[in-house]
Amino acid sequence: MGNSYEDECRRSLAEEQARSLAGTNDWEHVDRARVHQDWDVLYREITVLLNDGALPGDQEIQELVRRHFDVVCRFYVPSREAYVGMSLFYAEDEAMRAFHDSYHPGMVDFLGAAIRVFADQGTGFAPGAGSGVPVGSGDSGR
């Protein structure tokens, strides 16, 4: 992925999140405690697989990335580019990198690679069954 694609992803993330924040009163509909709890469980599961030598494209990792995407969809439904932009944000923001890497020193880079595989496969940029997002809600940016 070239720099122009990454710039597009950063821009998509910023624009889609700004639209969603404005349209939802700063995501007041989101149970943030539950989101953080769900991400904690998810990151712990990824850490175990990462320690066992999993690769970003492994089916089990991709299923966990689907769950990650579903948690993101509780806020809004991001486009493929915005979702990749989120992985870039995790890597480029010092606090986000520290948070994610507190689970495993390679978590940010691994998760970013796994998110890119998920985005490249493009198998459904809509919330999955367990996301808690009703069909038709959210802001897909499309």
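The values are calculated or read from the model by the stated rules, or taken from the named source; none is laboratory data. Values in this document were obtained by computation on a predicted structure and should not be read as measured data. Here the Cβ positions follow ideal geometry from the backbone for every residue, glycine too, while neighbour counts run over all protein chains shown. Each accessible area value is taken on the protein alone, full model and side chains, heavy atoms only, with ligands, DNA and RNA left out. Shrake-Rupley method; radii C 1.70, N 1.55, O 1.52, S 1.80 Å.
Structural remarks
- Where L50 falls short, out of the listed (1) aliphatic (A, V, I, L, M); (2) open to solvent by less than 50 Å² (accessible area, probe 1.4 Å); (3) under 16 Å from the mean Cα position of the chain (by Cα): (3)
- Cβ pairs under 8 Å, 6+ apart, first in the stretch 57-68 and in a helix (DSSP H, G or I), second β-branched (V, I, T) and open to solvent by less than 20 Å² (accessible area, probe 1.4 Å): I61/I46; L64/I46; V65/I115; H68/I115
- P78 vs. criteria modelled with pLDDT under 95, open to solvent by 20 Å² or more (accessible area, probe 1.4 Å) and either closer than 23 Å to C9 by Cα or of a type in the set (D, E) (or both): no
- When G128, G141 are screened for being within 16 Å of C9 (Cα to Cα), open to solvent by less than 50 Å² (accessible area, probe 1.4 Å) and modelled with pLDDT under 95, only G141 passes.
- Annotation: L55 fulfils all but one of (1) of a type in the set (A, V, I, L, M); (2) open to solvent by 90 Å² or more (accessible area, probe 1.4 Å); (3) farther than 17 Å from A114 by Cα; the unmet one is (3).
- Any pair with Cβ under 7 angstrom, 6 or more apart, that starts in the stretch 108-125 at a residue that is at pLDDT 90 or above and open to solvent by 30 Å² or more (accessible area, probe 1.4 Å) and ends at one that is part of a helix (DSSP H, G or I) and not hydrophobic (A, V, I, L, M, F, W, C): R116/S87; V117/Q62
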